Every structure is written in C-alpha cells, then in structure tokens.
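Asks: The structure follows.
The values are calculated or read from the model by the stated rules, or taken from the named source; none is laboratory data. Here the structure is a predicted model, which means the values were calculated and not measured. Note that each Cβ is placed from the backbone with ideal geometry, even for glycine, and that neighbours are counted across all protein chains shown. Please note that ligands, DNA and RNA were not included when accessible areas were found on the heavy atoms of the full protein model with its side chains. Shrake-Rupley method; radii C 1.70, N 1.55, O 1.52, S 1.80 Å.
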Amino acid sequence: MTPTPDLTALATLWTTALDDELPAARALRRELHADPRVSGQEAPTRDRIVAALSDVLPFEPMTDAGAVGRLGPASGPSIALRAELDALPVTEQTGASFASQNGAMHACGHDVHQAALVALMRAARRIDLPFGLVGLLQPREETSPPGARDMIEAGVIDQHSIAHVIGAHVHPAVATGAIASAGGFINAAADEIDIRINGRGGHGAYPHLAGDTVAAIAHIALGIPEVVRRTVSPVRPALISVGTLNAGLGVANVLPAHAHIRATMRTTDIGDRAALFAAVSTMAERTAEAYGTTATVTLVEGQPALINDHDLAFGINGWLTRLGIPGDDPMRSLGADDFAYFCEAVPSAMLFVGVETAGEDPQPTLHHARFLPGESAVDLTARALLAGYLAAAEGLLQSGATPSPAWRGR
C-alpha cells in the first residue's frame, strides 16, 4: 500500500534531522556503556537519559527507576518507543576504551537502544508529528518482577492513549546492517519449574532403609526431555532445560533427605504452557514415589510469549524498504523478553537489528562478556524505531484516527 504523501515527507524530514543527532548519540552510548547499572539500580541511567532530552521534553518518573515522556500532540492516540535501562552482572572483557569497570555490563545492547531512542526523540522535536511520540524508559527487563508489566499496571497505556509500542533489539544472529521484522511468535513464554524431593535420609550401606532422593532426582532430570517430546507437538517449539540440580551433603556414604531441581520452561503456545507443567508434575510425583520419596512441583510464572502484530510488522517491512534498509529472515527464538506484556496490552512489534562485534570469530552472543556492537548499531536501531513509528502512524491514519491539526495542515 502506498504511504500518504505527508508521511513520506515526514520520513524525509525526520531522517535528515536524525543524521544531525547521531554523532552525539554515539558519544552518549559510550558514556552509558561505561557506567552500567543492573536491574533494580537503574536510576542513574534513567537520569542521564532524561538529562540528554531535558531541552526536548519533560519525563515523569514511573515505577522504581522508569520514566515516561511524550512529544508532539499532547492528546489523542500515541505511539510508544521502548528502551530498557538495565545491564547484567557480567564482568566486561571487550577491552574497549569505554569498557565498564564496575562489575556490570551492557552485554545485551541496552546502551545502544537507549542512545538510539534519544537520537530519534531529539530529531523529532524539529518536525510536526501526526500522533504523540512516547518514550518509555523501562527498568528491569533482565529480571523479575518485570518492568514492562509494572509500567502497564501503573497505567502508562491509558495515561497516554498508547495505540502501539515499538521495540528494537540488537542481535548478532541477524545479518549485519539488516533489520528483521515479522508478525506472530517472536519469543517464548518463560517460566520456571521448581521440583523438591523429600525422603528419609540414611546410610549408603543400607539404602533399603532410606528414601533414595538422589536416584529420584536423577531420573526426573533425565525424564524431563521425554515428557516434552510426548506432550507437545513437534511443530510447536517448546523445551525444558534443567539449570540447577542439588543433592547430597558432600559425603559419599550418606543418603540425603532432600534434593532440588530448578528448570526453565519455554513454550510458544498458551495451551502447551499448562499441559507441559501438568505432565512434568505427574512424572516427577510418580517417579519420586517409586523411590520411596515425595515430590513437590511448583510453577514460577514468568513473562508470556512475545507475539508481534502481523499488520504492524508488515507495515514496518514496507517502511524499511522505503528507508533503504535491508531486511532479513524472521528472528524467532525461545529467548524471552518482557516486551511481551506490551504486545498483550496493545498491537505492538519487536524488531531485531543485525550487529557484529569487530575482530571476533565466532561472534559473541548476547550476554557474552565480549559482546560489543559497533557504533553504527546506534544509527540502525534509531532507524528501526523510526520505521516502527511510521508504520504505526500509517495504520492509525488508515483506521480513521484523527492526526494533529498542525500536521494535517502541512
């Protein structure tokens, strides 16, 4: 579908203004990268971003370390752009001149997302926008309780009449310089399964007088993949990975009374989420019983699956083409992101920006101590967010939403 002439002109003006802002944004990225703050301690990062936009728009504090600010029309529907604030408890090994020295690291690229948002919002002050542009500075993406859910529960969607939320995340699995946009399943629902085995401890020489918690927990751990295979259709991605298994007292001849498993469960279908937990619970309880023990199985709910809106993703692909940015195959994984809560609240889309770490082969993954996207990642991420805003605005116009009178009169 051909965009309206006004949106085409808007894209040209905004892109030109963005080019002027990018050098300062790259410098800001280096500053943010050098001073990362882990989840729950992001207030200094928020304050630095707010300061970088202080001459453009005011921000209001929201939740513990988050903030929200609106540019353009003060009423009517708006389009939100999200940037995560938190870093990871990783000791950086990049050797960069601006590397973190405080034991934390922006090993997931959130510093790039933050700088890109600043650049795009600073550029937007020079143009008339058809709909409000809302910047969401979101805490706690990397941990729980999830910051996205907290911002929604605090009322950010209704307060600013947010119609769509756009996110962009750097990723080394996407072709460098390209952007992946697709509708449907993008990231998995992420839950935790906690299994505790209890029995009668005893002497290793007399196992018939004790409950064998070690044997029970070992068989449960080995049985979990089979439960997944027999419960979920192979055409729907799902997995359970055991991350922690504790049993024993460090003594060879003592049978322990307790054992413990913690596992992550990733599903892409809401029905599979419940069915898989029920099946694991049944298997664990009956296996434990067979070894003279008992099992208590608990589901610790995490974020839901991230589902991109199909129409919005299709529109974004069109705008990426018009902006001269190559696309890539859809980026789907069993990773998780609390952006999923925004997707549940309003039609939204997460984009993935192809980046690389110079001089590294193989390329470091997200959360790796040597992961360091180049400076061009700020430019490309800002343009990804721009394509998201333009596609969302186009959809609102086509649905009959009333734009700002100042923009409509251009």
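Asks: Calculate the spin-label point distance for residue 365 paired with residue 102, positioning each point 7 Å from the Cα along the beta-carbon direction, and give it in nanometres.
Replies: Distance between label points: 2.8 nm.
Asks: Shifting gears a bit: Sketch the reach of a paramagnetic label on residue 233 as a point 7 Å from Cα along Cα-to-Cβ, and name the residues of the stretch 242-281 whose backbone nitrogen lies under 14 Å away.
Replies: Only 268-273 pass the distance filter.
Asks: In deg cm²/dmol, rounded to 500, what helix-only [θ] at 222 nm does the chain give when every DSSP H run of at least 4 residues adds -39500 (n - 2.57) and the total is split over its residues?
Replies: One gets -12000 deg cm²/dmol as the mean residue ellipticity at 222 nm.
Asks: Which of the GluC sites (Glu not before Pro) across the stretch 261-320 are loop residues per DSSP, with 13 or fewer other Cβ within 10 Å?
Replies: Sparse-neighbourhood loop GluC sites (Glu not before Pro): 301.
Asks: Scan around residue 62 for amide H atoms under 5 Å from its own, H built in the peptide plane at 1.01 Å from N, and keep only partners 5 or more places away or cross-chain.
Replies: 67, 68
Asks: May I pose another question? Using unit Cβ charges (K, R positive; D, E negative) and no other charged atoms, how large, in debye to the nearest 20, is the dipole of the stretch 155-273 about its Cα centre?
Replies: Dipole of the stretch 155-273, to the nearest 20 debye: 240 debye.
Asks: Among residues other than residue 95 whose Cβ falls under 12 Å from its Cβ, what is the net charge (Lys/Arg +1, Asp/Glu -1)?
Replies: The answer is -1.
Asks: Further question on the same structure: Just to be sure I understand: of the beta bridges DSSP finds with both ends in the chain, what percent are antiparallel, rounded to 5?
Replies: 70 percent
Asks: Taking 45 Å as R0, compute the FRET efficiency from the Cβ-Cβ separation of residue 311 and residue 192 and round it to 0.05.
Replies: 0.85
Asks: How do the peptides 110-121, 384-395 rank, highest first, by the average count of neighbouring beta carbon atoms within 10 Å per residue?
Replies: The densest-packed peptide leads the list: 110-121, 384-395.
Asks: Report the label-to-label distance for residue 241 and residue 376 in nanometres (one decimal), using points 7 Å from each Cα along the Cα→Cβ vector.
Replies: For the pair residue 241/residue 376, the computed spacing is 3.0 nm.
Asks: Right, another one. Can you quote the Å³ per residue value for the convex hull of the Cα atoms in the chain, rounded to an integer?
Replies: Once divided by residue count, the hull of the chain is 150 Å³.
Asks: Right, here's the next one. Around residue 254, which amide H atoms from residues at least 5 apart in sequence, or from another chain, sit under 5 Å from its own amide H, with H modelled in the peptide plane?
Replies: When sequence neighbours closer than 5 places are left aside, the close amide H contacts are 204.
Asks: Okay, moving on. Given R₀ = 41 Å, what would the calculated FRET efficiency be for residue 200 paired with residue 173, taking r from the Cβ atoms and rounding to 0.05?
Replies: Efficiency, rounded to the nearest 0.05: 0.25.
Asks: Given +1 on the Cβ of Lys and Arg, -1 on the Cβ of Asp and Glu, and no further charges, what dipole in debye does the stretch 53-97 carry about its Cα centre, rounded to the nearest 20?
Replies: Taking the Cα centre of the stretch 53-97 as origin, the dipole is about 220 debye.
Asks: Still on this structure, please answer the following. Of 40, 61, 17, which is farthest along the charge dipole of the stretch 13-65 in the positive direction, counting Lys and Arg as +1 and Asp and Glu as -1 at C-beta?
Replies: My answer, from the dipole projection, is 40.
Asks: Follow-up question, since we're still on this one. Ignoring ligands, DNA and RNA, what accessible area per residue does the chain give at 1.4 Å, in Å²?
Replies: 41 Å²
Asks: Would you mind giving the average projected area, over all directions, of the Cα convex hull of the stretch 1-127 in nm² with one decimal?
Replies: 9.3 nm²
Asks: Sequence-distant or interchain residues sharing an amide H contact under 5 Å with residue 170, placed H: which?
Replies: Long-range HN contacts for residue 170: 353.
Asks: Let me ask something else. Can you grab the distance from the C-alpha centre of the stretch 375-403 to the C-alpha centre of the stretch 204-247, Å, no decimals?
Replies: 47 Å
Asks: Assign unit charges at the C-beta atoms only (+1 for Lys and Arg, -1 for Asp and Glu), then state the dipole size of the chain relative to its Cα centre in Debye, rounded to the nearest 20.
Replies: 220 debye
Asks: Taking the C-alpha atoms of the stretch 210-304, how large are the radius of gyration and the largest Cα-Cα span, Dmax, in Å?
Replies: Rg, Dmax (Cα atoms, Å): 14.2, 46.
Asks: Here's something else I'd like to know. Within the chain, what whole-number % of the accessible surface is contributed by carbon and sulfur, with the 1.4 Å probe and all protein chains included in the calculation?
Replies: 53 percent
Asks: Where in the chain are the DSSP H helices whose C-alpha atoms run 24 Å or more along the long axis and whose mean Kyte hydropathy is at least -0.5?
Replies: What comes out of the filter, once short or polar helices are dropped, is 5-34, 213-231, 270-290, 376-398.
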